[in-house]
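These notes concern the structure reproduced below.
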Amino acid sequence: MPRGTSVRHPLAGLTRDFHRIGPLDGPLAPWMCAELDQHAAQVCDGIAASGGETTARTLGTYLHGFLDGCLERGWDSEAVEYDWETLRILAICRLAKERGFVR
C-alpha cells in the first residue's frame, strides 16, 4: 500500500467490502470488463477535468462525492444487482487495486 494510505482509507474499506460481491480478482465476463473499463475511464477523465491526477487521494475524494450523490438520490445498493451505481463503485475499486492504492 502506498505511503500515506491508511487501511481506514475509504478506498481500502470499500474495496474489501465490494470484493465480496464483485469480481475484482480473476477473470471477468466480457460485458462486465467493458462496463468497468468505461466507468474507470470516465472516473479518470472526471478527475483530470478538475485539474488533478488519479491518486489515492483524488480517487477517494471522487468516491466520497459519488457516494454522497447516490445517498442523496436515495440509491439502495441492495435494490438491483449490478446497477449503474454498483458498476461505477466496482470500477473505482478495481482502479484502486490496479493502481496499487489498495491491496
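The values are calculated or read from the model by the stated rules, or taken from the named source; none is laboratory data. These figures come from a predicted structure and were not determined experimentally. FYI the Cβ positions are ideal-geometry reconstructions off the backbone, even for glycines, and counts take in every protein chain you see. These area figures cover heavy atoms from the full protein model, side chains too; ligands, DNA and RNA do not enter into them. Shrake-Rupley method; radii C 1.70, N 1.55, O 1.52, S 1.80 Å.
The magnitude of the dipole of the stretch 30-99, with charges of +1 and -1 set on the Cβ of Lys/Arg and Asp/Glu and taken from the Cα centre, is near 340 debye.
Seen from ALA91, the other residues with C-beta closer than 14 Å to its C-beta sum to a net charge of -2, counting Lys and Arg as +1 and Asp and Glu as -1. The listed residues CYS33, CYS70 rank as CYS33, CYS70 when sorted by accessible area, largest first, using a 1.4 Å probe.
Across the accessible surface of the stretch 30-99, with the other protein chains kept in place and a 1.4 Å probe, carbon and sulfur atoms take up 51 percent.
Distance between the 7 Å Cα→Cβ label points at HIS64 and GLU98: 2.5 nm.
Work out the charge dipole of the stretch 30-99 with +1 on the Cβ of Lys and Arg and -1 on the Cβ of Asp and Glu about the Cα centre, then indicate which of HIS64, ALA34, ILE47 is farthest towards its positive end. Towards the positive end, the residue furthest out is ILE47.
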